[in-house]
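**Student:** Supplied in structure tokens, the structure appears directly below.
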Amino acid sequence: MTTYYTHNPKFYVGIDCIIFGFEKGELNLLLLKRNFEPAMGQWSLMGGFIQENESADDAAKRVLSELTGLENVYMDQIGAFGAVDRDPGERVISLAYYALININEYDRELVQQHNAHWVNINEIPDLIFDHNEMVEKARAIMRQKASRAPIGFNLLPELFTLTQLQNLYEAIYGEPMDKRNFRKRIAEMGFIEKTDKIDKTGSRRGASLYKFNDKAYQKDPKFKL
């Protein structure tokens, strides 16, 4: 065993996950009410530590799966958080990832076991350590990427109405969008396809359901909302 770096200090490398969901026209965040130390009883993001022989991305996927039961979820790293005194337990450098999940597909029993709860993005409480800073950075990065890549569809069910789609992007951007202009832009995108199915939950007449066609998008990956 080589000893090239034994004269350097060792740190823990943590993972923190900012997990977004979308429901009833609002963005939500999955938060833990911690039942363990440090900071027992306080709100936090879901996290863990990178294990031996595990990459950072694999650790993030494991942490997310342990909380939600979901695999193959859209995730993106937003950066490292390494203030010396950020964690009172030990010196921990955390890599933060945000994830976009369909709020109807996660394992509710697992979430309950972890004492996790969905919280409206506009009603986020004070979180432990630097977790509020992580959330704000994740929101900013998500807004930027959602404007030029179709990542928002990860938050929707397979079939959706145009109203649901507009509500989603209004929630992501935090501001209203003109209905006529929005639908004009959607009509110009050949990968958002109208189906023959109707959603009648909102009215008797109902609204047409659409779907995102990833194969069509890959052929002409142009997206701007």
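**Student:** Mind listing whichever residues of segment 202-219 are assigned to a loop (DSSP other than H, G, I, E, B) and in contact with a strand residue (DSSP E or B) (Cβ under 7 Å, 6 or more places away or on another chain)? If you could, list the steps in order and put the result at the bottom.
**Tutor:** Step one: of segment 202-219, the residues assigned to a loop (DSSP other than H, G, I, E, B) are 202-206, 213.
Within segment 202-219, Gly206, Asn213 qualify.
Condition check ((1) closer than 22 Å to Glu123 by Cα; (2) without any contact (Cβ under 8 Å) to a residue 40 or more places away in the chain) across all residues:
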position: Leu30; (1), (2): yes, no
position: Gly69; (1), (2): no, no
position: Tyr74; (1), (2): no, no
position: Gly82; (1), (2): no, yes
position: Glu90; (1), (2): no, no
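**Student:** Starting from residues that are among the hydrophobic types (A, V, I, L, M, F, W, C) and surrounded by 15 or more Cβ atoms within 10 Å (Cβ to Cβ), keep the ones in segment 44-59 and report whichever is farthest from Trp118 (Cα to Cα). Quick ask: steps written out before the conclusion?
**Tutor:** Going residue by residue through segment 44-59, those that are among the hydrophobic types (A, V, I, L, M, F, W, C) are 45-46, 49-50, 56, 59.
Add one more test, that the residue is surrounded by 15 or more Cβ atoms within 10 Å (Cβ to Cβ), and what stays is 45-46, 50, 59.
On the way: Leu45: 11, Met46: 12, Ile50: 25, Ala59: 22 Å.
Among those that are among the hydrophobic types (A, V, I, L, M, F, W, C) and surrounded by 15 or more Cβ atoms within 10 Å (Cβ to Cβ), it is Ile50.
**Student:** Among the strands (runs of 3 or more DSSP E) contained in segment 60-163, which hold 2 or more residues that are surrounded by fewer than 17 Cβ atoms within 10 Å (Cβ to Cβ), at pLDDT 95 or above and under 15 Å from the mean Cα position of the chain (by Cα)?
**Tutor:** Those strands (runs of 3 or more DSSP E) span 74-81, 116-120.
**Student:** Restricting to segment 1-18, and then to whatever is at pLDDT 95 or above and open to solvent by less than 90 Å² (accessible area, probe 1.4 Å), can you tell me which residue is nearest to the chain's Cα centre (by Cα)?
**Tutor:** Ile18
**Student:** For segment 164-184, what are the residues that are open to solvent by 40 Å² or more (accessible area, probe 1.4 Å) and part of a loop (DSSP other than H, G, I, E, B)?
**Tutor:** Of everything in segment 164-184, those that are open to solvent by 40 Å² or more (accessible area, probe 1.4 Å) and part of a loop (DSSP other than H, G, I, E, B) turn out to be Gly174, Glu175, Pro176, Asp178.
**Student:** Kindly indicate which of Tyr210, Tyr169 is more than 26 Å from Leu30 (Cα to Cα), at pLDDT 95 or above and not polar (S, T, N, Q).
**Tutor:** Numbers: Tyr169 fails: more than 26 Å from Leu30 (Cα to Cα).
One residue alone meets the criteria, Tyr210.
**Student:** Taking the condition surrounded by fewer than 17 Cβ atoms within 10 Å (Cβ to Cβ), in contact with a Lys or Arg (Cβ under 7 Å, 6 or more places away or on another chain) and either in a loop (DSSP other than H, G, I, E, B) or charged (D, E, K, R) (or both), does Gly41 pass?
**Tutor:** When the stated conditions are applied, Gly41 passes them.
**Student:** Return the only residue of Gly25, Gly21 being small (Gly, Ala, Ser), modelled with pLDDT of 95 or more and open to solvent by less than 70 Å² (accessible area, probe 1.4 Å).
**Tutor:** None of the other options fit; the residue is Gly21.
The values are calculated or read from the model by the stated rules, or taken from the named source; none is laboratory data. Everything numeric here is computed off the predicted structure, so don't read it as measured data. Every residue, glycine as well, gets a Cβ built from its backbone with ideal geometry; the counts of neighbours run over all protein chains shown. The protein model used for the area step is the full one, side chains on, heavy atoms only, and it has no ligands, DNA or RNA in it. Shrake-Rupley method; radii C 1.70, N 1.55, O 1.52, S 1.80 Å.
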